[in-house]
Amino acid sequence: MKKTAWLLLICMLAVVITGCLTSKTADSNRIIIGGKNFTEQDILVYLMKYIIEDKTKLTVETKPFLGGTNVVAQALERGDVHIYPEYTGTALINLLNLPLINDPQAVYDKVSQVYKEQKHLIWLKPFGFNNTYTLSMRSDQAKQLGIESYSDLVKHAPNLTLGCTQEFLERPDGYKGLQKTYGMNFKSTKGLDPGLTYSAVRDGKVDVIDAFATDGRIPAFNLKVLKDNKQFFPPYYAAPVVREDILKKHPEIADALNLLGGKLDDQQMAQLNAKVDLEKNDAKDVARDWLKQQGLIK
């Protein structure tokens, strides 16, 4: 009986140890990609997921719509996610609190250097598009008021309402910065969900919004993008940011994601965004279909 009990115990331990090792191996081959809480990020999350899974043996878990910039950036630094798409200007101004730089390559080089040295995070090749912030309003209202640029807007802002995300109200490269650079002060502001700002200005609930240059709703809703005549906003080129420890374990991730480098221009990204926001397609399907059309996945 004693011999049988010992054999049973040994078998049970073997099963437990095997299970733990299997679990550890599975975890080491599981990559987590996060994203912010708007459509473009959702699409980018799935573009990265599908190309990694197609080109490597890794399994990818997705966590889209995690929250705003700070929430997702902190998740990456903690290791709750391993990759997420970030914008160069956002990293420079909002996350690193560095002075404004207007040259796109200089901004990329700077954030890449600081992220690697201070955060052990690696910027891979940019996707190719510049999703800069813009201020937009209804074309008919802009024409009626004679507003073409931000400086023109300053004269009328005290009688207008700004609709924007709560994050934009607080960011140094948002409303606070516009107040300092242009002396721009609106009659009132409304903090809105990112998905609601465009319909709010279209329907006349607000007068001006913080729009994204690559959003397909700008032409669809006949909105006018105002000229940033003092070049307040820096370049916002999107790129994958990856934990350095993950790349050391899986250098094939960089090889896969760099295949996306330079593949999306502003117009293409706007078209993909429109497929989700206006045509109501699923971001997963939009991402997969585009990758197949480009011959990047099977």
Checklist outcome for this item: Once amide hydrogens are built 1.01 Å from N within the peptide plane, the residues lying 5 or more places from residue 32 or on another chain with amide H under 5 Å from its amide H are 61, 82, 83
Checklist entry - From the cross-link list 36/275; 125/227; 57/292, which pairs have alpha carbons spaced over 23 Å apart? => result 125/227
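At most 15 other Cβ atoms within 10 Å plus a DSSP loop assignment makes a site exposed; report the longest stretch of the chain without any exposed GluC sites (Glu not before Pro).
Counting only loop sites that pass the neighbour cut-off, the longest clear stretch is 1-147.
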Item to check | Listed candidates [x] 40; [y] 44; [z] 49 - label of the one calculated as percent of Cα pairs over 26 Å apart | outcome: [z]
Checklist entry - Applying the Karplus parametrisation 6.51 cos²θ - 1.76 cosθ + 1.60 with θ = phi - 60° to the phi angles of the stretch 99-104, what ³J(HN,Hα) value in whole Hz is obtained for each residue in order, glycine and proline being reported as x? => result x, 4, 10, 9, 6, x
Checklist entry - What are the ³J(HN,Hα) values, in whole Hz, obtained from phi via the Karplus relation 6.51 cos²θ - 1.76 cosθ + 1.60 with θ = phi - 60°, for each residue of the stretch 162-171 in sequence order, with x given for Gly and Pro? => result 9, x, 7, 5, 4, 4, 4, 5, 9, 6
Item to check | Lysine-lysine proximity count for the stretch 133-225, Cα under 23 Å, sequence distance 8 or more or distinct chains | outcome: 20
Checklist entry - Amide H neighbours of residue 165 under 5 Å, counting only residues 5+ apart in sequence or on other chains, H built in-plane at 1.01 Å? => result 192, 210
Item to check | 5 angstrom amide H check on residue 67, placed H, neighbours 5+ away | outcome: 37
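Quick note: the coordinates plus some simple rules give every number you see, no bench work behind them. Quick caveat, the model's predicted, so the values are computed rather than measured. Here Cβ is always computed from backbone atoms with ideal geometry, including for glycine, and neighbour counts include all displayed protein chains.
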